[in-house]
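No value in this document is a laboratory result; all are computed from the given coordinates. Quantities reported herein were computed from a predicted structural model and do not represent experimental measurements. Glycine gets a Cβ as well: all are built from the backbone with ideal geometry, and neighbour counts include every protein chain shown.
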Amino acid sequence: MEKTVSGKVIELVIGDITRQRVDAIVNAANSTLLGGGGVDGAIHRAGGPLILEECRAIRAVRGECPTGEAVLTGGGGLPARYVIHAVGPVWRGGDQGEPALLASCYRNALRIAAEVGFQTVAFPSISTGIYGYPLERAAPTAIATVAAFLSLETLAPSRVRFVLFDPVTFATYAGALEAL
Ligand code: ADP
């Protein structure tokens, strides 16, 4: 399913983000940048040790990556050329700034993509796995934040693909995209 926003496309697919042949995939990273479970583990497994090496080098210079922010590495052995490691918020009940942090995570990932000139970027459903962000709340925030960025920023990627791992996550994002 897809929708066009100011001439740019938001696309939803069910699939594995490590298999996407795009300019950049986005990793649902944690602040350590040293890898973890879920999509993070899958990306490092599929992409090989080079990605972790680059993460370590960034960490040595800048320290941990704060929640809501993002950093860029190469794609190692992945079909994607680059990985944008974005740190989503852990769900702590919803009154700890989670919606703003989730939105800033998508925005900062897209800002890096726009700066480098990426045309195609693929996102997973950030924070809705191990970080426990309720899917029905995360999906509208994710979709609305991406749509706003695409309509406001002329240098934004021309195609943003959400790669959703299971049918329930896909259906929830589809509902949010339809409602946009
Ligand atoms: P977080 O820690 O930000 O919650 P997770 O990786 O635990 O991140 O989960 C985020 C989402 O990514 C979940 O919906 C999970 O099912 C999904 N996911 C896990 N592996 C993959 C993958 N290979 N491709 C796409 N999505 C994935």
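Would you list 5, 163 from fewest to most Cβ contacts within 10 Å?
Values: 5 18, 163 24.
Ranking 5, 163 by Cβ neighbours within 10 Å, fewest first, gives 5, 163.
Counting only DSSP H runs of at least 4 residues, each contributing -39500 (n - 2.57), and dividing by the residue count of the chain, the helix-based mean residue ellipticity at 222 nm comes to -13500 deg cm²/dmol. Annotation: extensible slack from residue 168 through residue 81 equals 28.5 nm (criterion: 0.36 nm per residue apart, minus Cα-Cα distance). In plain terms, the C-alpha convex hull of region 1-135 casts an average shadow of 8.1 nm² when viewed from every direction.
Label-to-label distance for residue 34 and residue 178 is 4.5 nm, based on points extended 7 Å past Cα in the beta-carbon direction.
Each of residue 115 and residue 9 was given a label point 7 Å from its Cα along the Cα-to-Cβ line. The distance between the two points is 2.8 nm.
If R0 is taken as 25 Å, the Cβ-Cβ distance between residue 19 and residue 151 corresponds to a FRET efficiency of 0.30.
Compute the FRET efficiency between residue 57 and residue 96 as 1/(1 + (r/R0)^6), taking r as their Cβ-Cβ distance and R0 = 30 Å, and round to the nearest 0.05. Could the numbers behind the result be given before it?
Working: r = 31 Å, r/R0 = 1.03.
Efficiency, from the Cβ-Cβ distance: 0.45.
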